[in-house]
Amino acid sequence: MNPYVPILAIGAIGFGFAVFSVAIAFITGPKRYNRAKADAYECGIEPSPSAAGGGRFPVKYFLTAMLFIVFDIEIVFLYPWAVTFDQLGLFGLVEMILFIATVFVAYTYVWRRGGLEWD
Amino acid sequence: MNIANYLYLSALLFTIGSIGVVLRRNSIVVFMCIELMLNAANLAFVTFSRINGNLDGQVVAFFTMVVAACEVVVGLAIIVTIFRSRRSASVDDASLLNR
Amino acid sequence: MLTTPSFEYLLLSPMLIILAAAVIGVLAEAFLDRNHLPVIQLFISVGAILLALIQIYRIKSSSSTSAAIGSVVIDKATIYLQGTILIIGLLALLLISDQEQFVAQASAIPGSREEQESTSKGSIQTEIYPLLSFALAGMMLFTCASDLITLFVALEVFSLPLYLLAGLSRRRRLLSQEAALKYFLLGAYSSAFFLFGAAFLYGISGSVYLVDISSAVSGGYGNDVFVLIGLIFISVGLLFKISAVPFHAWTPDVYQGAPTSVTAFMAAATKVAAFGAILRIFYVVFSPIANQWRPIISVIAIITMVFGSAVAIAQRDVKRMLAYSSIAHAGFILTAVLALNKSGLSAALFYLTTYGLSTLAAFGIITLIRDATGEVTDLNKWAGLGKKSPLIAGSFAFLLLSFAGIPLTSGFIGKFAIFSAAYETGNIAVVVFGVLSSALAAFFYIRVILLMFVAQSQNDSISIAIPSVKSRIAIGATTAATVILGLFPSLLLNITQSFSIFIK
């Protein structure tokens, strides 16, 4: 069988799912128009030329951004493993579990010490 | 295209970064210049990886990215603490220790 | 097809134990009751260091280049350096565990109500213990790293916690935060240089392993401009860590601003770790092209010794004075790097140990001299200390004599070993400048001793804190080591001679 057939099938299923979801929401969903609906992505903070409170972002934005960066970047170590995980076998799996457990320890520290609380 | 050009670019970026560290006054900008130097080193690693025909250099680039991210977190934490203490991020204002 | 990598866990176990202790410490921070944390954290850290020391003893005669797929070399010198770092870490931990020097809550703004509240509640930033463990593990890895990635990662693993620790002083918090900022910015600057140099060494050799770089360097690439770029940039990064002279600007500020017990750890352990890596890199990788770098490093060693000794004279602050003295000592140890022979390596190992222990003792004593506002580091206020407490002032005077290299102290034996190793290789100029600058240094050490014992005290505000048991053990043990190693140097010299072996 041509190896591209499954990929095409996945593509078709994905396309079908997207069309189906949008269509079913359009047909069955309630239609209430208000201000939030007009926002980008229908959520989040209204975009404005300057930050709230006179041009400076509160420090908690930086805190969240820093936490995001440091946890996000750890993903680069998963890519090489994803490419070779069948060759590395059990060893690779154990090493990766250890690695993720270590990252998770850092995460629980941040969570328990209140680093994720917004206010 | 001549692959050595990437090395010239890398050296140029590194120079811009190191001059920025010496000349700029805002500690955040100084810090961004240091990040530029790290990225210049990364570019050199990736270029050499291509020249040498093995992947070691790209592996180093991965590690450098992670280390740089950790450095960002530690550095911004220090800079934000200082800023909250004295409402200034200028490296010239941090001169209590030179008296 | 990839082969599954293999590890020799026994040889790596000292580092793994310390790293595991650091991770467990972070977990403890997350979940345990904050009232019991100081005791628990101290227990975890001390336990891990003791366990790691036992493991070091068990592997003391092994050596392997394949402990971690060639990224780590365990040889005699590594084991010696790791043991030294652990002992320094253990003693520094005893000083650090008198936590009153540390800020109650690092995120509170100095002078704010939030800060007063957390201070009066007696809360403590117990993160210092995991941070210290991470720094220790990084230093141990730095001494045995044998590829560029491991070197760079280890450099950062031990530097990043130190940047934070430098900013955690309870008193004079603005100074402390400023010290952290300077240390961080300059440290990150220097590691960028290190990385750029590493890129060029990878470029000429096509490999990140020091063995391959070494054979590429000796195999005809000796004059290649890429080798020289790599050599110079990597050296800048490393010389920064040991605070050799053109790259020393951070040292006095950071030593002065950081909490004194952290300064003690930093001054002693960072030097051991950084010189471990410098010795390995220059002995293993760059020794074939010694003619290219010897003149540069000789000049740096000379100006480091002379500058450190000369500027120390002008200092009015005892922590800054010791900072400049540590710069001068970096110059002396660089002389051993220049020697490039077994006696040079052995002398460097001896010097690092004795210097590290004396430095710990000296900074430990500084933590005891206080007045109403905290530690007194202004030298003028130290006048007349000899009458108040002959024991403390006498010990400090003895440590200063050891720094100066007066006979019958361990400092003298170290300097003698280093200069004779340098003399063997015909490096007369460096030896002459070394002896001259230690004579110069002796002046200002003796000036401080005269100040303590002869000068009249102008004010009676200073007092000597009664040391806790932990501080007493740390200061007592390190001072005793300085005395014993001065009287019976062969105890340690025999060990360093048999452990001064680098393998490729």
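For the reader, a short list of remarks on this structure follows.
- Here segment C:57-71 is the region considered, the condition is being away from every other protein chain (no Cβ under 14 Å) and among the aliphatic types (A, V, I, L, M), and the residue that is farthest from A:Tyr107 (Cα to Cα) is C:Ile59.
- Any hit, segment C:159-181, residues being charged (D, E, K, R), surrounded by 24 or more Cβ atoms within 10 Å (Cβ to Cβ) and under 22 Å from C:Thr260 (Cα atoms): yes
- The set of residues from segment C:333-390 being of a type outside the set (Val, Ile, Thr) and in contact with a strand residue (DSSP E or B) (Cβ under 8 Å, 6 or more places away or on another chain) comprises C:Leu368, C:Arg370, C:Asp371, C:Glu375, C:Asp378, C:Leu379, C:Lys381, C:Trp382, C:Leu385, C:Lys388, C:Ser389.
Residue-wise test of (1) more than 7 Å from chain C (Cβ to nearest Cβ); (2) within 17 Å of C:Leu186 (Cβ to Cβ); (3) at pLDDT below 90.
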residue: B:Leu43; (1), (2), (3): yes, no, no
residue: B:Ser49; (1), (2), (3): yes, no, no
residue: B:Gly57; (1), (2), (3): no, no, no
residue: B:Val60; (1), (2), (3): no, no, no
residue: B:Ala68; (1), (2), (3): yes, yes, no
residue: B:Val72; (1), (2), (3): yes, yes, yes
residue: B:Gly75; (1), (2), (3): no, yes, no
residue: B:Phe83; (1), (2), (3): yes, no, yes
residue: B:Ser90; (1), (2), (3): yes, yes, yes
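- Qualifying residue in segment C:173-186 (condition: over 30 Å from B:Arg84 (Cβ atoms) and not aliphatic (A, V, I, L, M)): no
- Within the span defined as segment A:80-95, every residue fails to be hydrophobic (A, V, I, L, M, F, W, C) and touching a residue at least 24 places away in the same chain (Cβ under 8 Å).
- Evaluation of C:Arg58 against (1) of a type in the set (D, E, K, R); (2) at pLDDT below 90; (3) over 23 Å from the mean Cα position of the chain (by Cα) (one fails), failing number: (2)
- Residues satisfying the criterion are present in segment C:304-316 (criterion: closer than 15 Å to C:Pro252 by Cβ, more than 23 Å from the chain's Cα centre (by Cα) and free of Cβ contacts under 8 Å to residues at least 40 places away in the same chain).
- Qualifying residue in segment C:249-259 (condition: touching a strand residue (DSSP E or B) at 6+ places or on another chain (Cβ under 8 Å), of a type in the set (A, V, I, L, M, F, W, C), under 25 Å from C:Ala154 (Cα atoms) and touching a residue at least 12 places away in the same chain (Cβ under 8 Å)): yes
- Of all residues in segment C:113-126, exactly one satisfies the criterion of being at pLDDT 75 or above and within 14 Å of chain B (Cβ to nearest Cβ), namely C:Gln125.
- Residue count for segment C:461-484 under the criterion of being of a type in the set (Gly, Ala, Ser), within 16 Å of C:Ile96 (Cα to Cα) and either out of contact with any Asp or Glu (no Cβ under 6 Å at 6 or more places or on another chain) or crowded, with 19+ Cβ neighbours inside 10 Å (or both): the result is 5.
- Residue that is nearest to the other protein chains (Cβ to nearest Cβ), among those in segment B:17-26 that are crowded, with 19+ Cβ neighbours inside 10 Å and not polar (S, T, N, Q): B:Val21
- Selected residue (only one of C:Ala68, C:Ala22 is modelled with pLDDT of 90 or more and either surrounded by 18 or more Cβ atoms within 10 Å (Cβ to Cβ) or not aromatic (Phe, Trp, Tyr) (or both)): C:Ala22
- Residues of segment C:420-443 include none that is over 21 Å from C:Val306 (Cβ atoms), out of contact with any strand residue (DSSP E or B) (no Cβ under 8 Å at 6 or more places or on another chain) and part of a loop (DSSP other than H, G, I, E, B).
- Some residue of segment A:81-99 being within 14 Å of chain B (Cβ to nearest Cβ), under 30 Å from C:Thr4 (Cα atoms) and modelled with pLDDT of 90 or more: yes
- Within segment C:145-152, at least one residue is closer than 23 Å to C:Ser500 by Cβ, part of a helix (DSSP H, G or I) and hydrophobic (A, V, I, L, M, F, W, C).
- From the options C:Ala135, C:Ala106, residue that is within 14 Å of chain B (Cβ to nearest Cβ), touching a residue at least 60 places away in the same chain (Cβ under 8 Å) and part of a helix (DSSP H, G or I): C:Ala135
- Scope segment C:49-73; condition over 20 Å from C:Gln497 (Cβ atoms) and assigned to a helix (DSSP H, G or I); matching residues: C:Ile49, C:Leu50, C:Leu51, C:Ala52, C:Leu53, C:Ile54, C:Gln55, C:Arg58
- Any chance B:Val29 is facing chain C (nearest Cβ under 7 Å), in contact with a helix residue (DSSP H, G or I) (Cβ under 9 Å, 6 or more places away or on another chain) and of a type outside the set (D, E, K, R): no
- Residue check for C:Leu195: within 8 Å of chain B (Cβ to nearest Cβ), part of a helix (DSSP H, G or I) and surrounded by fewer than 21 Cβ atoms within 10 Å (Cβ to Cβ): no
- Failed item in (1) over 26 Å from C:Lys504 (Cα atoms); (2) touching a helix residue (DSSP H, G or I) at 6+ places or on another chain (Cβ under 7 Å), with C:Leu50 passing the rest: (2)
- Against the test of being at pLDDT below 85 and over 29 Å from C:Phe134 (Cβ atoms), the options A:Ala25, A:Ala65, A:Ala9, A:Ala40 yield a single qualifying residue, A:Ala40.
- Scanning segment C:432-490 for residues that are of a type in the set (Lys, Arg), touching a residue at least 60 places away in the same chain (Cβ under 8 Å) and farther than 30 Å from C:Ile303 by Cα yields a single hit, C:Lys470.
- Scanning segment C:24-56 for residues that are free of Cβ contacts under 8 Å to residues at least 12 places away in the same chain and either more than 14 Å from every other protein chain (Cβ to nearest Cβ) or of a type in the set (Val, Ile, Thr) (or both) yields C:Asn35, C:His36, C:Val39, C:Phe43, C:Ile54.
- Candidates C:Leu175, C:Leu162, C:Leu185, filtered to the one that is more than 9 Å from every other protein chain (Cβ to nearest Cβ) and at negative phi: C:Leu162
- Residues of segment C:229-244 classified as surrounded by 18 or more Cβ atoms within 10 Å (Cβ to Cβ) and more than 16 Å from the chain's Cα centre (by Cα), total: 7
The values are calculated or read from the model by the stated rules, or taken from the named source; none is laboratory data. Just so you know, these numbers come straight off a predicted model, no measurement behind them. Cβ sites come from the backbone with ideal geometry, for glycine too, and all protein chains shown count toward neighbours.
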